[in-house]
């Protein structure tokens with residue numbers, strides 16, 4: 001019983017996002033992605049992640065219960081960075097406007113390896129859950145008619161972005177944004 005209380009206290013401390021803990025958590029996420037790029041999910045373990053990151057297994061467990069938890073957190077950190085950059089970029093309009101779509105495509109393109117590796121390893125559900133949570137939390141309610149609009153838009157946007165990445169970004173972000181805007185009008 002005493003260990004459970006200590007574990008719970010540690011989990012609470014782990015959720016406090018200090019610069020040091022954020023750095024460690026991002027390193028863990030990046031190590032997982034690198035390992036998956038090299039070998040897929042074959043042989044992926046907490047021990048291999050800890051070794052790659054240069055931390056102990058105990059440190060991993062201080063922050064996470066599983067590799068999936070670490071990947072989910074990494075996705076949330078990407079979204080947090082997106083929100084910070086969005087806030088500091090004037091004139092973007094709402095989430096469905098052309099200028100904002102260009103901004104979004106270019107921002108998330110910085111994390112191309114993460115998105116492609118997740119997709120190639122059958123972890124699309126973590127991406128979808130992250131984008132759904134983001135849309136439900138941050139999409140201005142006045143821009144949608146219903147909850148289903150949010151899910152429709154989130155899924156379409158994520159899948160369009162992933163296909164653009166998978167196809168080697170043959171079109172510019174501006175061209176893709178224009179296609180999305182044209183579809184949204186119909």
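I'd like to check which helices (runs of 4 or more DSSP H) are fully inside the range 103-186 and have at least 3 residues that are modelled with pLDDT of 95 or more.
Result: 112-120, 147-166, 173-185.
Return the pair list, or none, for Cβ contacts closer than 9 Å from residues in the range 22-40 that are free of Cβ contacts under 8 Å to residues at least 24 places away in the same chain to residues that are assigned to a loop (DSSP other than H, G, I, E, B) and surrounded by fewer than 15 Cβ atoms within 10 Å (Cβ to Cβ), at least 6 apart or on different chains.
What qualifies is 31/54; 35/41; 35/43.
Only residues in the range 89-103 that are closer than 13 Å to residue 153 by Cβ count as the first member; pair them with residues that are at pLDDT 80 or above and buried (at least 16 other Cβ atoms within 10 Å of the Cβ), Cβ under 6 angstrom, at least 6 apart or cross-chain, and list the lot.
Going by the 6 Å Cβ cut-off, the qualifying pairs are 101/177; 101/180.
Checking the conditions here, which among 32, 28 is closer than 14 Å to residue 121 by Cβ, in a helix (DSSP H, G or I) and in contact with a helix residue (DSSP H, G or I) (Cβ under 9 Å, 6 or more places away or on another chain)?
Values: 28 fails: closer than 14 Å to residue 121 by Cβ.
The unique qualifying residue is 32.
The values are calculated or read from the model by the stated rules, or taken from the named source; none is laboratory data. In this text, all values refer to a predicted model and were calculated from it rather than measured experimentally. Every residue, glycine as well, gets a Cβ built from its backbone with ideal geometry; the counts of neighbours run over all protein chains shown.
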